[in-house]
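The structure under discussion appears below in the form of structure tokens.
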Amino acid sequence: MNKLGVKVRIYQDTDILAKLKEVKEYGFACCQTDIWDTALYTDEKAKEINDAVAETGVEISSLWAGWSGPCQWNFTAGPMTAGLIPPAYRMKRMEELLMAGDFAVKIGVSRVATHVGFLPENMNDPEYLGVVATIHHIAYRYKKKGLNFLFETGQETPIALLRIIEEVGTGNLGINMDTANLILYGKGNSADAITVFGKYVMDTHIKDGLYPTDGKNLGQQVKVGEGMANIPEVIKRLKAVGYTGNLIIEREVSGEQQIKDILDAKKYLEEILATLEQ
């Protein structure tokens, strides 16, 4: 049975107990924590999170870990600034992801997800071996701690992602399947992508969007059910490959509209799951 959850961003001033109480009040059983500020990877913050989980009973499915330095979510500067691909930021971000792994252990979470960046499509790309070695180092260190390292989909084609997972070969690499990102980046059809890499999906972002309409900017994110992600087919195919994990709603707008859209998405998912279970 897939549990429904929501993504929760944690900042320096976030009242984590209040956030998880809100998650529970909205009727969610789980969440995915999102931390970009590595200064939050402290024993004190871990205790705050653990205490909030114990009091509310809300499960944390994965730690989504950000990294320092510039990043632009587009096709122009994106390949030069996102994730572990740019050589100028690779080592620093690798160390930050290793810190995230240590923190995940402290909060009892077995999966760390991130955007690795625009993975080279060409195996002969000069950066290819360096990227593989960096991911291998993170995955190897994570494996010794009992952790899985998850690629969030979007900035690479499904086959490029599958190839990297096979190339690294540590057995603890997985995928955080964002149902919109492949569309927003123009990289593929979300449902068909599951045919390529579905067995590696360990967590999700339930999101929706439209394909790009120019060559420099991402497509537009829209409310779940109003885009081209075909969520019913995605969930059907995930179930077909044995995915029983959480369905984590992400809606990247703010304020009351965000809450409304998240609750609407929850209802939409409940209807899909009810139909599939008949």
### Query
Restricting to segment 67-86, what's the tally of residues that are among the small types (G, A, S), touching a Phe, Trp or Tyr at 6+ places or on another chain (Cβ under 9 Å) and farther than 17 Å from N181 by Cα?
2
### Residue, surrounded by the fewest Cβ atoms within 10 Å (Cβ to Cβ), within segment 250-278, restricted to residues that are charged (D, E, K, R) and under 15 Å from V8 (Cβ atoms)
E252
## Note on the structure
Over segment 89-106, the set of residues more than 21 Å from I164 (Cα to Cα), hydrophobic (A, V, I, L, M, F, W, C) and surrounded by fewer than 19 Cβ atoms within 10 Å (Cβ to Cβ) is M99, V105
### segment 184-201, residues that are of a type in the set (A, V, I, L, M) and in contact with a helix residue (DSSP H, G or I) (Cβ under 6 Å, 6 or more places away or on another chain)
A191, A193, I194, V196
### Summary
Note on segment 116-165: residues farther than 18 Å from L63 by Cβ, of a type in the set (G, A, S) and surrounded by fewer than 22 Cβ atoms within 10 Å (Cβ to Cβ) are G130, A133, A160
### Query
If you check T33 against the conditions, is it surrounded by 16 or more Cβ atoms within 10 Å (Cβ to Cβ) and either in a loop (DSSP other than H, G, I, E, B) or charged (D, E, K, R) (or both)?
no
## Note on the structure
With criteria (1) without any contact (Cβ under 8 Å) to a residue 60 or more places away in the chain; (2) more than 27 Å from L276 (Cα to Cα), P232 comes up short on (2)
### Query
Can you pull out the residues in segment 166-185 that are in a loop (DSSP other than H, G, I, E, B), buried (at least 19 other Cβ atoms within 10 Å of the Cβ) and either in contact (Cβ under 8 Å) with a residue 40 or more places away in the chain or of a type outside the set (S, T, N, Q) (or both)?
T179, A180, Y185
### Query
Between residues in segment 36-51 that are β-branched (V, I, T) and residues that are in a helix (DSSP H, G or I) and surrounded by fewer than 18 Cβ atoms within 10 Å (Cβ to Cβ), which pairs lie under 7 Å by C-beta distance while being six or more apart or on different chains?
T38/M99
#### Entry: Matching residues, segment 26-62, being closer than 23 Å to G101 by Cβ, in contact with a helix residue (DSSP H, G or I) (Cβ under 9 Å, 6 or more places away or on another chain) and of a type in the set (F, W, Y)
Y41
### Task
Filter segment 155-212 for residues that are under 14 Å from the mean Cα position of the chain (by Cα) and among the basic types (K, R) and give the result.
K207
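Regarding segment 36-43, can at least one residue be identified that is modelled with pLDDT of 95 or more and part of a strand (DSSP E or B)? Don't jump to the end; show me each part of the working.
Of segment 36-43, the ones modelled with pLDDT of 95 or more are 36-43.
From the residues that got through so far, the ones that are part of a strand (DSSP E or B) too are none.
Scanning segment 36-43 turns up no residue that is modelled with pLDDT of 95 or more and part of a strand (DSSP E or B).
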### Task
With the checklist (1) in contact with a helix residue (DSSP H, G or I) (Cβ under 7 Å, 6 or more places away or on another chain); (2) not in a loop (DSSP other than H, G, I, E, B) in hand, flag the one item K143 doesn't pass.
(1)
### Task
Those residues that are part of a loop (DSSP other than H, G, I, E, B), within 22 Å of the chain's Cα centre (by Cα) and not small (G, A, S), I need them from segment 14-30; list them, please.
T14, Y26, F28
### Query
Is there a residue in segment 63-80 that is among the polar types (S, T, N, Q), modelled with pLDDT under 95 and touching a helix residue (DSSP H, G or I) at 6+ places or on another chain (Cβ under 6 Å)?
yes
### Task
Considering only segment 195-218, state which residues are of a type in the set (S, T, Y) and either crowded, with 21+ Cβ neighbours inside 10 Å or within 20 Å of I175 (Cβ to Cβ) (or both).
T195, Y200, T204
### Message
Among the residues that make up segment 219-241, is at least one of them modelled with pLDDT of 95 or more, within 16 Å of M177 (Cα to Cα), surrounded by 21 or more Cβ atoms within 10 Å (Cβ to Cβ) and charged (D, E, K, R)?
### Response
no
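The values are calculated or read from the model by the stated rules, or taken from the named source; none is laboratory data. Bear in mind that the values here come from a model prediction, so they are computed numbers and not experimental data. Because the Cβ atoms are built from the backbone with ideal geometry, glycine has one as well, and the counts that use them run over all protein chains shown.
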